[in-house]
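Trainee: One structure, pasted below without further comment.
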Amino acid sequence: MSRLEAKKPSLCKSEPLTTERVRTTLSVLKRIVTSCYGPSGRLKQLHNGFGGYVCTTSQSSALLSHLLVTHPILKILTTSIQNHVSSFSDCGLFTAILCCNLIENVQRLGLTPTTVIRLNKHLLSLCISYLKSETCGCRIPVDFSSTQILLCLVRSILTSKPACMLTRKETEHVSALILRAFLLTIPENAEGHIILGKSLIVPLKGQRVIDSTVLPGILIEMSEVQLMRLLPIKKSTALKVALFCTTLSGDISDTGEGTVVVSYGVSLENAVLDQLLNLGRQLISDHVDLVLCQKVIHPSLKQFLNMHRIIAIDRIGVTLMEPLTKMTGTQPIGSLGSICPNSYGSVKDVCTAKFGSKHFFHLIPNEATICSLLLCNRNDTAWDELKLTCQTALHVLQLTLKEPWALLGGGCTETHLAAYIRHKTHNDPESILKDDECTQTELQLIAEAFCSALESVVGSLEHDGGEILTDMKYGHLWSVQADSPCVANWPDLLSQCGCGLYNSQEELNWSFLRSTRHPFVPQSCLPHEAVGSASNLILDCLTAKLSGLQVAVETANLILDLSYVIEDKN
């Protein structure tokens, strides 16, 4: 009998945030995410010490999925951010930086966690109410009848990911492709409840980014030899399609949902092959033109179908099954028995295509709600990052379709919001506290910590030693290069604010970020002519930003409320 080791007692630690180890690890995580933030963010290379895949990225989804976090508090933080990113795709770094700064700023105040949490909730509610209100000065409507704002939104996402390594011309090209791919997923005659299609990203690594393109329908990669064997179909009407999710290889161990009845003394292999050929005869009698199979088709069945001018393609894979079902209207067939007529679908046409060194079988849909984005980039690392960025942009467009508003980006929303909170807490604290027991002094302290955390997110955009200013009219961000003279005429050094909406030719007064200044009312209600005339705005997704703000504050509150951490060491 092996020796039994006695169970170790659980390790209980009180006031976990007061320990030096926790503060240090939290500070390290903050430095990592802060240094990744924005268009000039620094890339991170993550790899296993024993070798294997190397990930080069500045995106939160890739960064956090490759980071090994062991401390329970950090696990809470990273898990919250990953959950947010899995639901909204964007604003992961914003959420992480804001959360870390909130925790750090509040700890210096010495207030009780109960007071801090209560006031943080009040300020979060104030922020969300303002950002959703008609008087918000950093929210603009998204008009889907025009591509201008939509292109700005996509372009802002692409330019914030430096590991994609795109030039200005490539950024414009890919932005237009992403928008086109998204618009193709919207049904033409949609009324009321809209069911969006799907954009499939097809890899073309080692090609020029400018060679990327979008095609309606689905591309199935095949070898040139396989394509040459396929018979051309000439038909004026739609092509009838059968889609199988079970194997048609004749493998007895995998008969799908059906059963094979075999008489005594009969070869099992021959019985299954006979059943496959009977299936083929039904497909012929039902006038099927195209047979697609997720797994393998037996060579005899494939030859039999080809003799009757039916195209048979196998090894489709599980990834394409859902898009094929949506595009063709088929019901995947899971047995070798009789096929229900309702299981068949159709496509408008088929053809072959070649891009780079790859050959494809192109299924052209009756209605283009499924499309293929052929995405090119120079190397594997840049392509992986670009693919992730395109997926983020497509998801953000879906969120914007549901809630057609965008927030001004480039740090302007954060500085504007900080100015609004300072003004509100200084001039109208009663409307925030209402019947709360907290004092106005406590509110002022927490509000300053909250605003400072928002401004720290903005400060993370600068990685080259430059200065950040805010104007005293709109509360927007303005950047000054590191080599600029200390005493200068600001309009000569400043061109546009961070989001690109305002220029320095207006009569504005500026102050350094985080400098002491009297609270002011940032101008609200954006002028429509200013938004309409701006063609290169930096924008953020409203839905993703609101969720990121809420997740950051609620996660910070949860961590600040922890009194004990109990770890089982067994």
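Trainee: Does Thr95 satisfy being surrounded by 19 or more Cβ atoms within 10 Å (Cβ to Cβ) and in contact (Cβ under 8 Å) with a residue 60 or more places away in the chain?
Mentor: Judged against the criteria, Thr95 is a match.
Trainee: With respect to Asn366, is the statement that it is of a type outside the set (Gly, Ala, Ser), surrounded by fewer than 19 Cβ atoms within 10 Å (Cβ to Cβ) and farther than 26 Å from Gly498 by Cα true? Spell out how you get there, then give the answer.
Mentor: On the way: of a type outside the set (Gly, Ala, Ser): yes; surrounded by fewer than 19 Cβ atoms within 10 Å (Cβ to Cβ): yes; farther than 26 Å from Gly498 by Cα: yes.
Criteria met by Asn366.
Trainee: Another one. Report yes if some residue within the stretch 190-199 is assigned by the TED database to the domain that holds Leu386 and at pLDDT 95 or above; otherwise report no.
Mentor: yes
Trainee: Please give the number of the condition Pro332 fails out of (1) farther than 25 Å from Leu388 by Cα; (2) in contact with a Gly (Cβ under 6 Å, 6 or more places away or on another chain).
Mentor: Single failed check for Pro332: (2).
Trainee: So in the stretch 523-552, with the set limited to residues that are at pLDDT 85 or above and out of contact with any Cys (no Cβ under 8 Å at 6 or more places or on another chain), which one is surrounded by the most Cβ atoms within 10 Å (Cβ to Cβ)?
Mentor: Looking at residues that are at pLDDT 85 or above and out of contact with any Cys (no Cβ under 8 Å at 6 or more places or on another chain), I get Leu542.
Trainee: What is the number of the single condition among (1) in a loop (DSSP other than H, G, I, E, B); (2) farther than 22 Å from Val458 by Cα; (3) touching a Cys at 6+ places or on another chain (Cβ under 8 Å) that Gly137 does not meet?
Mentor: (2)
Quick grid of which residues meet (1) assigned by the TED database to the domain that holds Thr389; (2) acidic (Asp, Glu); (3) under 30 Å from Phe520 (Cα atoms); (4) crowded, with 19+ Cβ neighbours inside 10 Å:
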| site | (1), (2), (3), (4) |
| --- | --- |
| Val85 | no, no, no, yes |
| Leu109 | no, no, yes, no |
| Lys121 | no, no, yes, no |
| Ser133 | no, no, yes, no |
| Leu150 | yes, no, no, yes |
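Trainee: Let me ask something else. Among the candidates Ser343, Ser357, single out the residue that is open to solvent by less than 60 Å² (accessible area, probe 1.4 Å) and out of contact with any helix residue (DSSP H, G or I) (no Cβ under 9 Å at 6 or more places or on another chain).
Mentor: None of the other options fit; the residue is Ser343.
Trainee: For Thr369, state whether it is farther than 19 Å from Gly38 by Cα, assigned by the TED database to the domain that holds Lys473, at pLDDT below 95 and β-branched (Val, Ile, Thr).
Mentor: no
Trainee: Step by step: first the residues of the stretch 496-517, then only those that are closer than 26 Å to Ala453 by Cα and of a type in the set (Ser, Thr, Tyr), then the one that is surrounded by the most Cβ atoms within 10 Å (Cβ to Cβ). Which residue is that?
Mentor: Applying the filter and picking the extreme gives Tyr502.
Trainee: Sticking with this structure for a sec: Which of the numbered conditions does Leu150 fail, given that it passes all the others? Conditions: (1) closer than 15 Å to Gly409 by Cβ; (2) part of a loop (DSSP other than H, G, I, E, B).
Mentor: So the condition that Leu150 fails would be (2).
Trainee: So which of Ser146, Ser133, Ser65 is modelled with pLDDT under 95 and closer than 30 Å to Trp383 by Cβ?
Mentor: Details: Ser146 fails: closer than 30 Å to Trp383 by Cβ; Ser133 fails: closer than 30 Å to Trp383 by Cβ.
Answer to the check: Ser65.
Trainee: Keeping to the stretch 295-320, report how many residues are farther than 18 Å from Leu273 by Cβ and loosely packed, with under 15 Cβ neighbours inside 10 Å.
Mentor: Summing the residues that are farther than 18 Å from Leu273 by Cβ and loosely packed, with under 15 Cβ neighbours inside 10 Å in the stretch 295-320 gives 5.
Trainee: Just give me the residues in the stretch 46-56 being closer than 14 Å to Asp384 by Cα and open to solvent by 40 Å² or more (accessible area, probe 1.4 Å), in sequence order.
Mentor: If the condition is that a residue be closer than 14 Å to Asp384 by Cα and open to solvent by 40 Å² or more (accessible area, probe 1.4 Å), then Tyr53, Val54 are the ones that fit.
Trainee: I'd like to verify a number: residues in the stretch 14-45 that are assigned to a strand (DSSP E or B) and surrounded by fewer than 16 Cβ atoms within 10 Å (Cβ to Cβ), how many?
Mentor: Let us first name the residues in the stretch 14-45 that are assigned to a strand (DSSP E or B), namely 14, 44-45.
Then keep just the ones that are surrounded by fewer than 16 Cβ atoms within 10 Å (Cβ to Cβ); that gives 14, 45.
Of the residues in the stretch 14-45, 2 are assigned to a strand (DSSP E or B) and surrounded by fewer than 16 Cβ atoms within 10 Å (Cβ to Cβ).
Trainee: Scan the stretch 265-278 and report the pairs whose first residue is in the same structural domain as Ser335 (by the TED database) and whose second residue is part of a helix (DSSP H, G or I) and at pLDDT 85 or above, with Cβ atoms within less than 7 Å and a gap of 6+ or a chain change.
Mentor: From the stretch 265-278, the pairs are Leu273/Ser300; Leu276/Leu301; Leu277/Leu301; Leu277/Phe304.
Trainee: Also, I was wondering about something else. Contact list please: Cβ distance under 8 Å, first residue in the stretch 27-56 and without any contact (Cβ under 8 Å) to a residue 24 or more places away in the chain, second residue part of a loop (DSSP other than H, G, I, E, B) and of a type in the set (A, V, I, L, M), pairs at least six apart or on different chains.
Mentor: Cβ pairs passing all conditions: Leu46/Leu67.
Trainee: I've got another one for you. Collect the residues in the stretch 444-473 that are over 23 Å from Ser40 (Cα atoms), touching a helix residue (DSSP H, G or I) at 6+ places or on another chain (Cβ under 7 Å) and touching a residue at least 40 places away in the same chain (Cβ under 8 Å), keeping them in residue-number order.
Mentor: Ile446, Ala447, Ala449, Phe450
Trainee: Sticking with this structure for a sec: Can you tell me how many residues within the stretch 168-198 are touching an Asp or Glu at 6+ places or on another chain (Cβ under 8 Å) and either in a helix (DSSP H, G or I) or not charged (D, E, K, R) (or both)?
Mentor: Result for the stretch 168-198: 1.
The values are calculated or read from the model by the stated rules, or taken from the named source; none is laboratory data. Bear in mind that the values here come from a model prediction, so they are computed numbers and not experimental data. With ideal geometry, Cβ positions are generated from the backbone for all residues, glycine too; neighbour counts draw on all protein chains shown. Side chains included, ligands, DNA and RNA excluded: accessible areas come from the protein's heavy atoms. Shrake-Rupley method; radii C 1.70, N 1.55, O 1.52, S 1.80 Å.
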